[in-house]
Amino acid sequence: MNDESIWAKVFIYDVFKVKITRARNFVLGRNMKAKEASISSMAEEYLEIICRLEEKKGCAKTMELARSLKVAPGSITNTIELLERRGLVIHQPYHGVKLTKRGKQIALDVLRRHRLAERLLTDILHLEWSEAHTAACQLEHAITSNMIKPLEKALGHPKTCPHGNPIPTACGGIFEEESVPLINLNPKETGVVAKIVKEKAEVLQQLSAIGLTLGAQVEVEKKTRSGEPIIIKVDNVNHEVNYDLASIINVRQNDEKS
């Protein structure tokens, strides 16, 4: 073999080596970007809770986040900083946390999967509505994007979760019938239970015990000043309900007094 042949082979080897290195770096780069773009289950949980709190109060206070997530307030800071660096939230000290447009998109997608998971658990697996929320918190992270349409079809395209809260559309839209907190009704005014805003198991069990489930007719019998318990009638039986509990029950108010 002459020198020219040897140098030609060396040149070809070097060219292929460069191309292979570039291809490997390209693949590794894409994998790194994909890893950076992915959202952990914990981050999804944060975004979902921030979304819920923002809808109720305009922003999410760190103390409220800690209570909702059942973690120490100090452990909130690092995750919030990470979400802010990734452009998913805006944190204003002493004011609270708000979602960015991208953060809101992810949060609504998580909320969509969560409420479809609740429907799956209650409609197909016949789990009690009081148990569905906690179980769905785990299941929502396992539902992939290609599973959502078949799941919706199997469930009959539900508009709300088992607790009456709207299921966001694929585009992030939220549509629901108008309702008001039960606490807003005056004595002798009636309504139909439309949704339960707070979905904790112990709360739902308490409501089930007195018949305050979706579709139940309820009448306010006695109401005093703000913060005090109210007396309501469900199925012709009077019950005393504390103010906080009454405030998380939304009803479609009847046009006429009973």
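Can you pull out every residue in region 106-131 that is farther than 25 Å from Ile210 by Cβ and in contact with a Lys or Arg (Cβ under 9 Å, 6 or more places away or on another chain)?
Of everything in region 106-131, those that are farther than 25 Å from Ile210 by Cβ and in contact with a Lys or Arg (Cβ under 9 Å, 6 or more places away or on another chain) turn out to be Ala107, Leu111.
Could you give me the residue pairs with C-beta distances under 8 Å whose first residue belongs to region 127-149 and is more than 12 Å from Lys200 (Cα to Cα), whose second residue is outside any helix (DSSP H, G or I) wherever it lies, and which are 6+ apart or on separate chains?
What qualifies is Ile148/Ala170.
Taking the conditions exactly as written (surrounded by 15 or more Cβ atoms within 10 Å (Cβ to Cβ) and at pLDDT below 90), does Glu64 satisfy them or not?
yes
Table: residues versus (1) buried (at least 17 other Cβ atoms within 10 Å of the Cβ); (2) part of a loop (DSSP other than H, G, I, E, B).
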residue: Ala132; (1), (2): yes, no
residue: Ala136; (1), (2): yes, no
residue: Glu140; (1), (2): yes, no
residue: Pro150; (1), (2): no, no
residue: Ala154; (1), (2): no, no
residue: Pro162; (1), (2): yes, yes
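Kindly list, by first and then second residue, each pair from a residue in region 208-232 that is under 29 Å from Cys161 (Cβ atoms) to a residue that is buried (at least 16 other Cβ atoms within 10 Å of the Cβ) and of a type in the set (Gly, Ala, Ser), limited to pairs with Cβ atoms under 7 Å and residues at least 6 apart or on different chains.
Ser208/Ser130; Leu214/Gly164; Val218/Gly191; Ile230/Ala246
Taking into account only those residues within region 180-201 that are crowded, with 19+ Cβ neighbours inside 10 Å and of a type in the set (Gly, Ala, Ser), which is farthest from the chain's Cα centre (by Cα)?
Gly191
Condition (residue is of a type in the set (Val, Ile, Thr), in contact with a helix residue (DSSP H, G or I) (Cβ under 6 Å, 6 or more places away or on another chain), surrounded by 19 or more Cβ atoms within 10 Å (Cβ to Cβ) and farther than 21 Å from Val197 by Cα) applied to region 103-110: is it met by at least one residue?
Checking region 103-110: not a single residue is of a type in the set (Val, Ile, Thr), in contact with a helix residue (DSSP H, G or I) (Cβ under 6 Å, 6 or more places away or on another chain), surrounded by 19 or more Cβ atoms within 10 Å (Cβ to Cβ) and farther than 21 Å from Val197 by Cα.
Output the residues belonging to region 91-119 that are small (Gly, Ala, Ser) and on the phi < 0 side of the Ramachandran plot.
Going residue by residue through region 91-119, those that are small (Gly, Ala, Ser) are 96, 103, 107, 117.
Residues satisfying the conditions are Gly103, Ala107, Ala117.
Quick one: Lys98 ticks every box in (1) in a helix (DSSP H, G or I); (2) among the charged types (D, E, K, R); (3) more than 13 Å from the chain's Cα centre (by Cα) except a single one, so which number is it?
The one condition Lys98 does not meet is (1).
For (1) β-branched (Val, Ile, Thr); (2) more than 16 Å from the chain's Cα centre (by Cα), each residue gets a yes or a no:
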site: Thr62; (1), (2): yes, yes
site: Val71; (1), (2): yes, yes
site: Pro93; (1), (2): no, yes
site: Leu111; (1), (2): no, no
site: Leu125; (1), (2): no, yes
site: Gln138; (1), (2): no, no
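Please specify each residue of region 220-243 satisfying the condition of being over 20 Å from Val203 (Cα atoms) and crowded, with 16+ Cβ neighbours inside 10 Å.
Selection gives Lys223 alone.
The values are calculated or read from the model by the stated rules, or taken from the named source; none is laboratory data. Not measured: the values here are computed from a predicted model. Here the Cβ is made from the backbone with ideal geometry for all residues, glycine too, and neighbour counts use every protein chain on show.
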